[in-house]
Amino acid sequence: MAIKEGWRGRYFEDFEVGDVYEHPLGRTVTTTDNSWFTLLTQNTAPIHFDRHYAEQTEFGRPLVDSTFTVALVTGQSVTDVSQNVFANLGWDEIRLPAPVFEGDTIYSRSEVLEKRESRSRPNVGVVTVKTTGYNQDGIIVITFKRTLLVYREGHAPEITRITPEDR
């Protein structure tokens with residue numbers, strides 16, 4: 001049996017301005033996701049967790065906490081954008097053009113906007129992407145720019161595992 005190494009993510013050298021990554025996994029947002037995230041972050045806006053209250057708004061149902069949407073779409077991008085991250089530097093221009101509701105399935109993609117050498121750390125480079133999240137109907141629900149430091153190839157910490165064969 002041949003053991004094949006899994007995807008280890010992109011390094012700084014792998015990014016090219018203009019590349020677009022269609023992130024592979026969608027995620028359906030549940031009522032539990034929305035309630036727990038809202039309560040874990042101490043967001044007291046009843047539109048997220050009080051169905052009776054939310055039914056009286058123009059939306060007629062609970063809205064998903066927008067910070068959950070930021071976290072989810074960021075997470076969806078990790079496998080393509082920041083698997084080899086040294087550090088996130090910031091999220092900018094976060095826009096929420098349409099609401100997310102419980103039961104929506106969110107997908108995402110990222111476009112590489114900028115890439116440059118780090119002036120202070122030779123083992124990493126600076127990458128900026130624009131990430132777009134959209135629902136099952138193709139409606140854009142979030143966009144943001146994220147800037148991060150990405151390890152250069154050969155400079156990331158090694159992931160070591162003890163496999164059953166090593167014992």
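The values are calculated or read from the model by the stated rules, or taken from the named source; none is laboratory data. The model shown is predicted, which means the values in this text are computed figures rather than measured ones. Please note: Cβ atoms are built from the backbone with ideal geometry, for glycine as well, and neighbour counts cover all protein chains shown.
Listed residues V141, V78; which is on the phi < 0 side of the Ramachandran plot, buried (at least 20 other Cβ atoms within 10 Å of the Cβ), modelled with pLDDT of 95 or more and of a type in the set (V, I, T)? Just a single option satisfies the conditions, and that option is V141. Within the range 24-46, residues that are without any contact (Cβ under 8 Å) to a residue 24 or more places away in the chain have Cβ atoms under 6 Å from residues that are surrounded by fewer than 16 Cβ atoms within 10 Å (Cβ to Cβ) in these pairs: P46/Y53, counting only partners at least 6 apart in sequence or on another chain. The residues of the range 122-155 that are of a type outside the set (V, I, T) and in a strand (DSSP E or B), listed by number, are G125, K130, G133, Y134, F144, K145, R146, L148, L149, Y151.
Suppose the filter is out of contact with any helix residue (DSSP H, G or I) (no Cβ under 8 Å at 6 or more places or on another chain), outside any strand (DSSP E or B) and surrounded by 13 or more Cβ atoms within 10 Å (Cβ to Cβ); does P99 pass it? So P99 fits the description; yes.
Out of F68, F86, one residue alone is aromatic (F, W, Y), in contact (Cβ under 8 Å) with a residue 60 or more places away in the chain and under 30 Å from F12 (Cα atoms). It is F86.
Look at (1) at pLDDT 95 or above; (2) surrounded by 15 or more Cβ atoms within 10 Å (Cβ to Cβ) and you find that E114 fails only one, number (2).
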